[in-house]
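Report on the structure given below.
The values are calculated or read from the model by the stated rules, or taken from the named source; none is laboratory data. Bear in mind that the values here come from a model prediction, so they are computed numbers and not experimental data. So basically every Cβ, Gly included, is an ideal-geometry build from the backbone, and we count neighbours across all protein chains shown.
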Amino acid sequence: MTHWIQNTLYCLSHIPSSRLSQTYDEALKKRNAILFRNLAKSGDSFHIESRTRLDPLDKDHSTWKLVFKGKSRTKTKPGDLLYIQWENSPEEVQELLDFYKKKGSELILVPTLSAPYQPGRLKLMTLRKALRSYYDITEASNSTLRLIGNSDTANWNEKMEISQRKKYIQVNQGISAKEDNSKIQFKHPKLLKVLKQCSQAPSLMALLKSQPPIRPRSYSMSHCHHEGSYVKAEITLSHFQKEYTDLAGQKETGEGRSTAYLTRIPLGTEVKTWFLPETHQFPSEIKRNIPTIMICTGSGIAGVMSLLRKGYTGGPLWLIYGVRSWKIKSLYGKELTEYHVKGVINKITAVSSRPQDPSEGKAQYVQDYLWDHRSEIKEWIEKEAHFYLCGRLAMGVDVSKTMKRIFEDQGLASDKEEAARLLKSWKDSLRYQSSVSGL
Ligand SMILES: Cc1cc2nc3c(=O)[nH]c(=O)nc-3n(C[C@H](O)[C@H](O)[C@H](O)COP(=O)(O)OP(=O)(O)OC[C@H]3O[C@@H](n4cnc5c(N)ncnc54)[C@H](O)[C@@H]3O)c2cc1C
Ligand SMILES: NC(=O)c1ccc[n+]([C@@H]2O[C@H](COP(=O)([O-])OP(=O)(O)OC[C@H]3O[C@@H](n4cnc5c(N)ncnc54)[C@H](OP(=O)(O)O)[C@@H]3O)[C@@H](O)[C@H]2O)c1
């Protein structure tokens, strides 16, 4: 009997620590079910409580901490997303109304924003309100480009969109994309500029039919906590600038649509939001002693902050954080250093791509650092380390490529195919989880 108990205890203590409760497919299915359920709801109305610059020393690329407060019954996990419905600026709306000589008080019917999930529901609203909060009127859509006889540009954009989607799928499958990101250049001119250049502008109703509805944007929450019946959600917003190419091929710079909205709206403004889940299971499912390497760039630190602030419960943690310069752009650097001092983070590596002085090391990206320290990475892998990535898509692509090179170089895989299979199996078993997007 004693032998049986000892045997059972031995077996229990030797359950592989790396096994999470779900596979990637199961986690994805669960995530999608929650996602559709949440999106079918009309969303929460949160007001923007504060907006603080996180990198005042950076002259040309700002990052902001935004805190929203409101009531919600939706549950969230660290790493989840806040899905925000941005609005067009009142000035842009007025310019379009002036162009079509409309007052804005005319009533029109528009599908509700949850229409894809509850088809057929319509809402009556003023034209001004519809232009402000329903139709995306910043850029000429592909349908609008075709409507005004510019099919070539529309075809080009569609080709680029397909290529971007393919790449996104590949990254999410742990396969590195074949094409270089920098090749993805869209040609979406500003709508008002196009209308003004047009010899014969379409009617307003034809235009609205060819413009898409406003599609909300996702932001990784850097924190989310309950205060009585209220929820506070924090995001880390990178100021996204865009290049618009007009029909004459001239380039113009502007802000991203949601970026412009979130950095301009007055504090207290009510914003429509949804909580959306992510597939990854950090850290709620990692209650065991699993060493973890977190790799992030820029505002991708949001995902890491959410895990730390909810009480990271995994094993030894190594944070590899890519920024332009740790000195001027560490974002939550002081807080991260405190987690390091407390021993929550065992090792922090700041990788600066544009170091300000030699104390910041050589200029490099996180994947270059991983390659230079491949034997140490291998030691962590041998201790069953899990990986979590958060930040831009290109980083996800390049880190995946580097990991496969490390597998081969360090004798974890005999050739390229085996390295690809190994990374895929890690992705499937949630040992390698990533939340990457954008460029
Ligand atoms: C899962 C997830 C998590 C995210 N988390 C965060 C976060 O924590 N913080 C954060 O700041 N952002 C985050 N983002 C990005 C965010 O959702 C928005 O995409 C970002 O704020 C830009 O939106 P925008 O409306 O301002 O820009 P948009 O007006 O939508 O412009 C961006 C678009 O421009 C296009 N584009 C890109 N490059 C070029 C180019 N060179 N020329 C022309 N067009 C181009 C791309 O198609 C892109 O969709 C996340 C995205 C996802 C999917
Ligand atoms: N959960 C998510 O999916 C999530 C969360 C947050 C942010 N994001 C995405 O992150 C982007 C915003 O980034 P940001 O403005 O915060 O970052 P950023 O400041 O522009 O970049 C952060 C660091 O990453 C470097 N970098 C650029 N390309 C890289 C590559 N291919 N591999 C590795 N490092 C690279 C930058 O170097 P240089 O600038 O010197 O080239 C810089 O040092 C958006 O596209 C957004 O969609 C995604």
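If you scan the stretch 255-268, which residues turn out to be more than 16 Å from ligand 2 (Cβ to nearest atom) and charged (D, E, K, R)? Correct list: Arg264 only.
The residue pairs whose first member lies in the stretch 211-238 and is touching a residue at least 12 places away in the same chain (Cβ under 8 Å), whose second member is within 14 Å of ligand 2 (Cβ to nearest atom) and aromatic (Phe, Trp, Tyr), and whose beta carbons are closer than 6 Å, counting only pairs six or more residues apart or on different chains, are Pro216/Tyr83; Ser218/Tyr83; Ile235/Tyr219; Leu237/Trp64. Applying the criterion of being surrounded by fewer than 13 Cβ atoms within 10 Å (Cβ to Cβ), modelled with pLDDT under 80 and of a type in the set (D, E, K, R) to the residues of the stretch 172-209, the residue that is farthest from ligand 1 (Cβ to nearest atom) is Lys178. Residues considered: Gly322, Gly314, Gly303. Of these, the only one that is modelled with pLDDT under 85 and not assigned by TED's automatic domain parsing to the domain that holds Thr259 is Gly314. Screening the stretch 363-439 for helices (runs of 4 or more DSSP H) wholly inside it with 2 or more residues that are in contact with a Gly (Cβ under 9 Å, 6 or more places away or on another chain) and farther than 29 Å from Gln185 by Cβ returns the ranges 416-428. The requirement of being more than 16 Å from ligand 2 (Cβ to nearest atom), assigned to a loop (DSSP other than H, G, I, E, B) and within 30 Å of Glu106 (Cα to Cα) is fulfilled nowhere in the stretch 75-82; no residue meets it. Scanning the stretch 336-347 turns up one or more residues that are touching a helix residue (DSSP H, G or I) at 6+ places or on another chain (Cβ under 7 Å), of a type in the set (A, V, I, L, M) and free of Cβ contacts under 8 Å to residues at least 40 places away in the same chain. If you go through the stretch 149-171 one residue at a time, do you hit one that is at pLDDT 75 or above and part of a loop (DSSP other than H, G, I, E, B)? Yes, that holds for at least one residue. Of everything in the stretch 228-254 that is within 13 Å of ligand 2 (Cβ to nearest atom) and over 18 Å from Val67 (Cα atoms), the residue that is surrounded by the fewest Cβ atoms within 10 Å (Cβ to Cβ) is Gln241.
Of the residues making up the stretch 240-250, just one is at pLDDT 85 or above and more than 8 Å from ligand 1 (Cβ to nearest atom), namely Gln241. Taking the listed residues Gly396, Gly311, the one that is under 20 Å from Glu278 (Cβ atoms) and within 13 Å of ligand 2 (Cβ to nearest atom) is Gly396, with no other qualifying.
Okay, residues lined up against (1) at positive phi; (2) in the same structural domain as Phe240 (by TED's automatic domain parsing); (3) touching a Phe, Trp or Tyr at 6+ places or on another chain (Cβ under 6 Å); (4) touching a residue at least 60 places away in the same chain (Cβ under 8 Å):
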{"site": "Glu49", "(1), (2), (3), (4)": "no, yes, no, yes"}
{"site": "Leu57", "(1), (2), (3), (4)": "no, yes, no, yes"}
{"site": "Lys69", "(1), (2), (3), (4)": "no, yes, yes, yes"}
{"site": "Leu82", "(1), (2), (3), (4)": "no, yes, yes, yes"}
{"site": "Pro90", "(1), (2), (3), (4)": "no, yes, no, no"}
